[in-house]
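Let me begin by presenting the structure, written as structure tokens, before commenting on it.
Derivation of every value follows stated rules applied to the coordinates shown; laboratory data play no part. Because the structure is predicted, anything quoted here is derived from the model rather than measured. FYI the Cβ positions are ideal-geometry reconstructions off the backbone, even for glycines, and counts take in every protein chain you see.
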Amino acid sequence: MDLDMVISGGTVWTPNGAERIDVGVREGRIVALGDLSQAQASERFDATGLQVMPGVIDTQVHFREPGLTHKEDLNTGTAGAALGGVTAVFEMPNTNPSTLTAEDMAYKVARGRASAWTDFAFFMGAAAENVDELPELELTEGCCGVKIFMGSSTGSLLVDDPVVLEAVLRKGRRRVAVHCEDEARLTERKALLAEKENVGPGDHPWWRDEQTALIATKRLLEVAARVGRPVHVLHVTTAEEMAFLAQHKDICTVEVLPQHLTLTAPECYERLGTFAQMNPPIRSQRHQDAIWEAVNTGVVDVLGSDHAPHTREEKARPYPKSPSGMPGVQTMLPLMLEHVHQGKISFERLIDLTSAGPCRIYNLRDKGRIAVGYHADFTLVDLDEVRVIQEDWIASRCGWSPFVGDTIHGWPKATIIRGRVVMKDDALIGEPGGEPLRFWDV
């Protein structure tokens, strides 16, 4: 058997669990599993001491291209992804201009092909102006689905009109990803925030309180159930939402972020100030405990990073003029490996949330498992390596991370995408070669 690559010596996580086998790759796909010590191969990758995971997929990133590339672009964002062990990303539509047309999508796909280190897909933004076209737009090349912002977005991407929300959910058939915060309550509470004295970033979870999230989530699921459209609730942060979502898994899937599993209020705001500010906010220990319970009881379907970089100068503005969001695509896997080390989550569960989970939710083709016929996408990690996250490791154009200085047990050692080693030992290899992802329901 002539192969392009054999990965040997590692612990390989297949659908059967952990196996001590070799993996054979030809023309970008897995073609053999087992003892390949006698096989002819152009390249052999020694994975001794490493865990060979299916390639990690991050289904929520903001790479800011076009229009906001002083913060990030597809090249720097996917470089960070690859360095963090991520093999594919789903990018959000709130760029400038917003992603609302077939032309907008085609531009992003072309930029991805030209500059992305990882494979990629893009969300089509939902707005009143493109509702009627959404059934066709969601099927364009490189589109992973439709994204709705029920609160906290810019221009026409904000869908706070119940009539428009229902119209969006009635138009099309693929699962819709939704940011659930009630815009009316946000506006009302922002006025109250302006009346408070000595306002600071610690007030962020007070302004964007639990009810702001719960009201929007309940409204979304009521409409989704009525029209029969599956929805994906992004970055869930409250105990109340998790209890509600657990009762509606027939219509919804659920995402959580490493930030909300790692940071808690008020400590993070006291230590990081506006650099801990994101939407929905970092909340108290009570909410974090509920999120962890949902992770470990199967309510949560996927992890995303919600990578949303801003410059230091932007983040340093006095609250609430400071923008919400933080980088996260590069630190998502390291943070979760630390949680594995601490016993908060099993390694096998982490694999499900970062590979099989995205494929189930979005009907992603070719990805998500180490099995014959699938793309040769692998994330190789050393569970025993102890590292401190350093600023000079961060590839994002913003140049910072709230997790700089954190000690991590477990580290991504290599990123392999369609049989090509893209990252090894903290170094990018070769040139960008990302391709658009494909989906079964297109």
_Mean-square fluctuation check for the chain, GNM, Cα pairs under 10 Å: which of Val227, Val159, Val23 is largest?_
Val227
*For the charge dipole of the chain, defined by +1 on Lys and Arg C-beta atoms and -1 on Asp and Glu C-beta atoms about the Cα centroid, which residue among Leu380, Asn96, Ala184 has the Cα displaced farthest towards the positive pole?*
Ala184
_Ellipticity estimate at 222 nm from DSSP helix runs (n ≥ 4, -39,500 (n - 2.57)) divided over the chain, nearest 500_ = -8000 deg cm²/dmol
_Highest-first arrangement of 419-425, 52-58, where packing means the average Cβ count within 10 Å_ = 52-58, 419-425
*asked:* At 0.36 nm per residue, and after removing the present C-alpha to C-alpha distance, how many nm does the segment from Glu293 to Arg360 gain when stretched out fully?
replied: 22.0 nm
*Does region 1-108 come out rounded, prolate or oblate, given a ≥ b ≥ c as the square roots of the eigenvalues of its C-alpha gyration tensor, rounded meaning a/c under 1.5 and, failing that, prolate meaning a/b above b/c?*
prolate
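About its Cα centre, what dipole magnitude does the chain give when the only charges are +1 on Lys and Arg Cβ and -1 on Asp and Glu Cβ, stated in debye to the nearest 20? Spell out each step's value before the answer.
Details: 45 positive and 63 negative charges, 77 e Å.
Its charge dipole is roughly 360 debye.
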*For Lys321, list the lysines whose Cα falls under 18 Å from its own Cα; do not include residues on the same chain fewer than 8 positions away.*
Lys71, Lys190, Lys196
*Over what distance in Å are the Cα centres of region 24-41 and region 319-340 separated?*
36 Å
*Rounded tilt (10° steps) of 332-341 against the dominant C-alpha axis of the chain*: 80 degrees
*Using a cut-off of 19 Å between alpha-carbon atoms, which lysines can reach Lys424, once sequence neighbours fewer than 8 places away in the same chain are excluded?*
Lys413
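So how much slack lies between Ser284 and Glu27, counting 0.36 nm per residue of separation and subtracting their Cα-Cα distance, in nm?
Details: separation 257, 0.36 × 257 = 92.52 nm, distance 4.85 nm.
Here the answer is 87.7 nm.
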*In degrees, nearest ten, helix 183-195 long axis to first principal axis of the chain (Cα)*: 70 degrees
_For the chain, take the longest principal axis of its alpha carbons; what is the angle in degrees between that and the long axis of helix 210-227, to the nearest 10 within 0 to 90?_
70 degrees
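I'd like the GluC sites (Glu not before Pro) in region 1-91 restricted to DSSP loop residues with at most 12 other Cβ atoms within 10 Å, sorted by number.
Qualifying residues, ordered by number: Glu27.
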*Would you give the gap between the C-alpha center of region 193-271 and the C-alpha center of region 419-442, rounded to a whole Å?*
32 Å
_Rough spin-label spacing in nm, given labels placed 7 Å along Cα→Cβ, for Thr187 and Asp392_ = 5.0 nm
